[in-house]
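Structure first, commentary second.
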Amino acid sequence: MKKNILYTLFLFLFINNFHSAKAQSKPRYQLPHYVKLHLPNGLTLYLMEKHDVPVISLDAIVPAGAVNDGDKSGLASLTGNCLKCGTKSFTKKEIEQQFDFLGASLYTYGSNDNTGLYTRFAAKDQEKILPIIKELLVNSVFSDEEFNKEKKLTLTGLDQAKESPASVIGAYWDKFFYGGNVYGNVVSGTVSSVTPLTAADAKAFYKKYFNPEGSAIAVVGDFKTGEMRTKLTELFSEWKKIPGTDKVVSKTLPPPPAARVLLVNKDDALETTFYIGSPGITRKNPDYLAAEVVNTFFGGKFTSLINSELRIKTGLTYGAGSYFDYNQHYGTFIISTHTANATTQVAIDKAIEVIKRLHSRPL
């Protein structure tokens, strides 16, 4: 919902600026000023002061994800989830109690290209929160006990996901589309790949890939840039650069030779969940913002073209949408929805009709 709200806001600003361009030479909306700097160990910092509310948001990204899993599918995801399971200076319980007591949020993860964390906290609590964030990125310990707890939760989730086609179709799609390319790796792993993973595997991944060089931390909120720069420089100066970190080389991905269909049968399913997609673009593509604006119109919000046709006008589904899945080297465009088994063909035909309409009629 938050993402859709942001897209809607951007679309409004885009249209507003477009229609007012003739009336004024300077656009009404400009990105807020931010500072970008590099620490000696290679870590990049982005600092943006925003004093509207006394809150700070922090994102940290390490350039290692499922593409680095090799034959241990799910390792990056599990390593990311385990970042908050304890460090040299803080136990898992201490981390949880501190964040709960302060009303702060903490989310850690592993994705296709990256592993990282996100936190949001009151500006007055930065002296308590920032040292913990540093510990998570620099000194996580991955104890056997806490790792096994997290692995058990992951395995339970993978078992439960099998009962929901919507929960697994993304993994089927990636494998079908990318094949043997590293982007075909299942981010969350499978029961058979996660079961043998150990805390030692997570420690090895962490030690090998959590390198300040190439990593980035972005901080936005109620602070003074000079003070925040000093604090982060002091905190992360001990994060040592890892020499010779392997770079995953993604195999060349040839364009699909023709339209293909993958059918996955689930005997007791009462409805059909399906994706219709194609090659997309990477996050660095110069058309990124334009693509986001067009997708907002086509399938990025409730009042979009695809949802209007498949849900509001025809009642074929409770919801339909589309999105670009951006990766560092490749990307896809996906239309996603579900429908009753009896209306599967009608829904697919309607989705294809709508995408053709997008290409044949002006917005």
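Please treat every number below as a calculation from the coordinates, not as lab data. Note that this is a predicted model, so its numbers are computed, not measured. Cβ placement follows ideal geometry from the backbone for every residue including glycine, while neighbour counts extend to all protein chains displayed.
So what's the gap between the Cα centers of region 272-318 and region 179-222, to the nearest angstrom?
The distance from the Cα centre of region 272-318 to that of region 179-222 comes to 29 Å.
Give the long-range amide H neighbours of Gly321: residues separated by 5 or more places, or on another chain, with amide H under 5 Å away, using H modelled in the peptide plane at 1.01 Å from N.
The list, which skips near neighbours in sequence, is Ser336.
Where both residues lie in the chain, what percent of DSSP beta bridges are antiparallel, nearest 5?
Counting DSSP beta bridges with both partners in the chain, the antiparallel share is about 90 percent.
Compute and list, largest first, the equivalent-ellipsoid semi-axes of region 180-281 from the alpha carbon gyration tensor, each √(5λ) rounded to a whole angstrom.
With the √(5λ) rule applied to region 180-281, the semi-axes are 39, 21, 18 Å.
Which of the peptides 50-57, 253-260, 175-182 is most tightly packed, and how do the rest follow, going by the mean number of other Cβ atoms within 10 Å of each residue?
175-182, 50-57, 253-260
Which parts of region 105-125 would a label at His51 reach, counting a residue when its backbone N lies under 12 Å from a point 7 Å out along Cα-to-Cβ?
Of the residues in region 105-125, none has backbone N under 12 Å from the label point off His51.
Considering amide H positions built from the backbone, and no H for Pro or chain starts, which residues 5 or more places from Gly74, or on another chain, come under 5 Å of its amide H?
Under 5 Å from the amide H of Gly74 lie the amide H atoms of Gly189, each far enough along the sequence or on another chain.
Could you derive backbone 3J(HN,Hα) for region 32-42 from the dihedral phi with the Karplus parameters 6.51, -1.76 and 1.60 (θ = phi - 60°), listing whole Hz in sequence and x where the residue is Gly or Pro?
The phi angles translate into x, 5, 9, 10, 10, 8, 10, 7, x, 7, x Hz.
Could you derive backbone 3J(HN,Hα) for region 321-330 from the dihedral phi with the Karplus parameters 6.51, -1.76 and 1.60 (θ = phi - 60°), listing whole Hz in sequence and x where the residue is Gly or Pro?
x, 8, 6, 9, 9, 8, 10, 5, 10, 9
Ignoring solvent entirely, what values of log10 I(q)/I(0) come out of the Debye formula for the chain at 0.09, 0.15 Å⁻¹ when each Cα is a single scatterer?
Evaluating at q = 0.09, 0.15 Å⁻¹ gives log10 I(q)/I(0) of -0.62, -1.45.
Most fluctuating residue of Glu353, Glu309, Glu213 in a GNM of the chain with Cα springs under 10 Å: which is it?
Greatest mean-square fluctuation among the candidates belongs to Glu353.
Among Ser167, Ser73, Ser188, whose mean-square fluctuation peaks in a Gaussian network model of the chain (Cα, cutoff 10 Å)?
Checking each option, the largest mean-square fluctuation is seen for Ser167.
Using only DSSP helix segments of four residues or longer, with each worth -39500 (n - 2.57), what per-residue ellipticity at 222 nm results for the chain after dividing by its residue count and rounding to 500?
Mean residue ellipticity, 222 nm, calculated: -12000 deg cm²/dmol.
What are the ³J(HN,Hα) values, in whole Hz, obtained from phi via the Karplus relation 6.51 cos²θ - 1.76 cosθ + 1.60 with θ = phi - 60°, for each residue of region 110-125 in sequence order, with x given for Gly and Pro?
Taking θ as phi minus 60°, the curve returns x, 10, 4, 9, 9, 10, x, 8, 9, 9, 9, 8, 5, 4, 5, 9 Hz for region 110-125.
Once you order the gyration tensor axes a ≥ b ≥ c over the Cα atoms, which shape class does region 231-336 get: rounded for a/c under 1.5, otherwise prolate or oblate by comparing a/b with b/c?
prolate
Using unit Cβ charges (K, R positive; D, E negative) and no other charged atoms, how large, in debye to the nearest 20, is the dipole of the chain about its Cα centre?
Magnitude of the dipole: close to 960 debye.
Which of Ala340, Val187, Phe177 sits closest to the plus end of the dipole of the chain, meaning its Cα is farthest towards the positive end, when Lys and Arg get +1 and Asp and Glu get -1 on the C-beta?
So the residue we want is Phe177.
Report, as a whole number in µm² per second, the diffusion coefficient that Stokes-Einstein gives for region 87-206 at 4 °C and 1.567 mPa s using the Kirkwood radius over alpha carbon pairs.
79
How large is the charge dipole for region 161-251, taken about the Cα centre, if only the Cβ atoms of Lys, Arg (+1) and Asp, Glu (-1) carry charge, to the nearest 20 debye?
Computed charge dipole of region 161-251: roughly 240 debye.
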